[in-house]
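What follows is a single structure, written as structure tokens, with notes after it.
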Amino acid sequence: MDTTWPPPLPAPRLGPPTPTIEADRSDRRRAWLARLAVLSLAAMSIALDLGTLVVVPLLFVVVVPFEKMFPRHRQPIRRPGVRTDIAHALAAPALGVVSAVLAIAIGLASLAWVPGLLLRPLVTMLPTSVMPFVGIALFDMAIYWVHRWSHEVPFLWKFHSVHHSTEHLDWVSGFRNHPFDGAIVAPPFVLLVAAGFDATFTGALAVIQLALGLFLHANVRWRLRPLHRIVVTPEFHHWHHANEADAHNSNYSVFLPIWDMLFGSYFMPRGRRPERYGISESMPMSLVGQLHHPVRGVGNPLRILGRVLRHPWRCARAAARFTRGICADIWRSTTTRRARTT
Ligand SMILES: [Zn+2]
Ligand SMILES: [Zn+2]
């Protein structure tokens with residue numbers, strides 16, 4: 001036993017290292033590069049779709065007055081993170097091209113066309129007048145499951161957490177999305193087209209859900225209680241974004257809340273309203289940082305390609321292990337019983 005008296009003084013605690021001039025310069029260079037990337041994405045978006053110049057100001061003019069007249073939370077228009085969300089909105093068409101390319105790969109690899117082809121004989125027997133209703137229900141249920149897996153499969157959550165990282169919901173926060181997360185609607189789309197539904201009809205459903213999604217994030221206090229069990233409302237989606245323990249993993253539906261009621265993830269408590277939004281893990285604040293966040297640590301793609309060419313069998317085995325892990329997570333999310341019908 002150490003009986004030295006007085007006891008030795010604790011070692012001095014070192015503070016964070018003082019930033020050197022080089023580190024400061026490299027931070028500034030990185031910030032400039034990030035700004036240049038955002039400007040390039042916005043320019044590409046405008047070149048792809050002139051509507052980009054109209055949509056963002058139009059949403060501001062239409063939605064913000066309602067947010068000021070009927071605010072759910074008192075927050076300034078220039079709230080933290082609004083610049084990032086506007087950058088996401090301006091870059092959306094350019095990032096949409098990346099999403100479309102990823103969607104083709106995901107759609108084919110997901111094998112969603114297999115159940116689609118199995119359903120096809122039944123779908124062709126449907127009367128024409130009934131077909132749109134069945135199409136909406138099938139697409140909406142498929143999106144429910146994809147959204148649920150995006151939360152409960154750790155690999156998919158890396159991408160979807162970008163959307164949930166905003167701590168303030170309003171007219172522009174719905175634009176915050178990773179392109180991979182946007183591409184994840186491909187399997188439901190492929191399922192419907194393989195089942196015999198018109199591709200234009202299915203595409204229109206996806207666009208309607210996207211537009212409705214923007215409205216669901218608005219900072220308006222309307223509860224719209226009579227609609228709660230019929231169609232999703234801002235109250236429903238705000239609970240989905242709530243960073244409150246008992247609200248986690250709930251309200252996945254994007255159009256009809258019946259799926260949450262059927263599969264035990266419906267959460268609409270009476271006499272309470274969502275207070276806090278966001279995620280518990282850290283997320284970069286910039287658009288470029290958020291696009292890179294889910295794939296950080298993966299390494300240089302050219303080096304990965306080199307490794308695949310040098311060791312194809314070892315890489316194939318690693319890919320098979322990774323796919324098995326994803327399937328196991330999907331199975332767990334699908335079969336774990338829950339019974340929330342609040
Ligand atoms: Zn979500
Ligand atoms: Zn959302």
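Restricting the stretch 295-336 to residues that are of a type in the set (D, E, K, R) and under 24 Å from the mean Cα position of the chain (by Cα), the residue that is farthest from W239 (Cα to Cα) is R324.
When V232 is tested against (1) of a type in the set (A, V, I, L, M); (2) without any contact (Cβ under 8 Å) to a residue 12 or more places away in the chain; (3) not in a helix (DSSP H, G or I), only condition (2) is not met. Scanning the stretch 129-153 for residues that are in a helix (DSSP H, G or I) and within 14 Å of ligand 1 (Cβ to nearest atom) turns up I143, Y144, W145, V146, H147, R148, W149, S150, H151, E152. If the condition is being among the aromatic types (F, W, Y) and under 21 Å from W157 (Cβ atoms), then the stretch 295-332 contributes F322, W331.
For the stretch 254-268, taking the residues that are within 14 Å of W149 (Cβ to Cβ) and either within 14 Å of ligand 2 (Cβ to nearest atom) or not small (G, A, S) (or both), the one that is farthest from the chain's Cα centre (by Cα) is identified as F263.
Taken together, the values in this text are just the output of simple stated rules run on the coordinates, not laboratory data. Everything numeric here is computed off the predicted structure, so don't read it as measured data. Counting neighbours? That spans all protein chains shown, and the Cβs are built from the backbone with ideal geometry, glycine included.
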